[in-house]
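In what follows, a structure is listed as structure tokens, so that the remarks can point back to it.
The values are calculated or read from the model by the stated rules, or taken from the named source; none is laboratory data. Being a predicted model, the structure only gives us computed values, none of them experimental. Here the Cβ is made from the backbone with ideal geometry for all residues, glycine too, and neighbour counts use every protein chain on show. What goes into the accessible areas is simple: the full protein's heavy atoms, side chains included, and nothing from ligands, DNA or RNA. Shrake-Rupley method; radii C 1.70, N 1.55, O 1.52, S 1.80 Å.
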Amino acid sequence: MAPEAAISVRGLWKVYGPRAERIVGSASADLPRAELEARTGCVVAMRDIDMEVAPGEVFVVMGLSGSGKSTLVRCLTRLIEPTAGTVRIGDTDVTTADRDQLLDIRRHRVSMVFQHFGLLPHRTLIDNVAFGLEVQHADKKSRRAKAEQVLVLVGLGGLGMRKPDQLSGGMQQRVGLARALATDPEILLFDEPFSALDPLIRRDMQDEVIRLRREVNKTMVFITHDLTEALRLGDRIAIMRDGRFVQVGTPEDVVANPADEYVANFVRDVPRSHVVAVGSVMMPPVSGDHAGTVPLTTKIRDVVAQVAASPLPVHVVDAEGAVVGSIDRVTVLSVIAGADLIPAAPGG
């Protein structure tokens, strides 16, 4: 039996303006934005969104400014009230939750990391990180101990008595991440948390999210306008345009099989070898000599040197180490060249 979705969204809309509910599902919703606003005084920020996020998954929503992605993530905990549709977190219907249930969700089950760190300047890092636990009425000793533990987890161990203004932007964002983790939530929501950071610091913070995902195994919804960031972080990516999803799939799906010209333009400069895994293009297993082994999830770019060094095929192995396929120079070169000669995976 499949595990229950961590987040389930059905038919979610957000319309701003008078009598917003009349726009939901109507032909007027498809009018150009300026025309709709002129006729009705309403603006459609998000329309008819369906999505499911599995426990432990990193689900990335990306799109340009104004596409509706930040509206979506705020509707998940009703920081913005949706106009129509349902949001469920586990077995809880967020859209019908009363005030006490919403407080419980926001304090205990879901934490959010924003672009602007929102640290309290007069408090130490320990007390900033412990703030959510203080709201939960945890005693001072236990919340400070937890805060110290989480600061170590994000690479800021020993700095707990500093103030935010003594830190770089990247370090401040680590404190924001630690504060979100301190309450041990089921779900982490990220709203473009790294977009104000310098490129090198931004990459470091992406690495931090990847590492933390491995270590704490939280469900994450990550909002970004940066394709490279989406491809690095996401198990699946939703491309958003004009308030709706135009494609949802793995990074490999989105790059290799864009749903339309809009998505194709987004991904046209992404080398396929950076996102295509050997498990997707491998040939059936071959017997005899081989030039080593690689895991199923290895990206094509990471086996270039191995296949270049030998004419022999490379064995592809699953998580248990069993040989499930093979890959060779021709396959690797076809992916790099973007050719249509890529063999299908066995059984695919």
Scoring the chain by relative contact order with C-alpha pairs under 8 Å, at least six apart, yields a percentage of 16
One computes Rg over Rh for the range 60-136 from alpha-carbon atoms, with the Kirkwood Rh, and obtains 1.02
Per 5 angstrom bin, beginning at 0 and ending with the bin that holds the maximum distance, the Cα pairs of the range 175-299 fall in percents of 2, 8, 17, 18, 18, 15, 10, 6, 3, 2, 0
Rounded to the nearest 10 Å², the 1.4 Å probe accessible area of Val317 is 20
Filtered pair list for the chain (Lys only, Cα < 29 Å, 8 or more apart or interchain) has a length of 12
Expected field for Arg232, accessible surface area in Å² at 1.4 Å probe radius, rounded to 10, holds 70
Taking placed amide H atoms and a strict 5 Å upper bound, the residues 5 or more places from Ala84 or on another chain that come that close are Trp13
The set of residues whose placed amide H lies less than 5 Å from the amide H of Arg241, leaving out same-chain residues fewer than 5 positions away, is Val246
Under a Gaussian network model of the chain whose springs join Cα atoms within less than 10 Å, the largest fluctuation of Leu151, Leu296, Leu227 belongs to Leu296
Checking the range 236-272 for trypsin sites (Lys or Arg not before Pro) in a loop per DSSP with at most 13 other beta-carbon atoms within 10 Å yields Arg268
In whole Hz, the Karplus estimates of ³J(HN,Hα) for the range 139-151 (6.51, -1.76, 1.60; θ = phi - 60°; x where Gly or Pro) are 6, 4, 5, 5, 6, 5, 5, 5, 4, 4, 4, 6, 4
For Val113, other-chain or 5+-apart residues with amide H closer than 5 Å (H placed, Pro excluded) are Leu189, Phe190, Asp191
Heavy-atom accessible area of Lys140, protein chains in place, probe 1.4 angstrom, given in Å² to nearest 10, is 120
Quick tally, 1.4 Å probe accessible area for Leu153, Leu79, sorted with the most first, runs Leu79, Leu153
Per the rule of 0.36 nm per residue minus the C-alpha distance, extending Asp91 to Asp235 adds in nm 49.6 nm
Heavy-atom accessible area with a 1.4 angstrom probe orders Asp104, Asp184, most exposed first, as Asp184, Asp104
Filtering GluC sites (Glu not before Pro) in the range 1-44 by DSSP loop and by at most 12 other Cβ atoms within 10 Å leaves Glu4
Diffing the range 302-311: the Karplus 3J(HN,Hα) column from phi (6.51, -1.76, 1.60, θ = phi - 60°), in whole Hz with x for Gly and Pro, holds 8, 10, 4, 4, 5, 6, 6, 7, 8, x
Longest principal axis of the chain (C-alpha) makes with the long axis of helix 199-216 (C-alpha) an angle, in degrees to the nearest 10, of 90
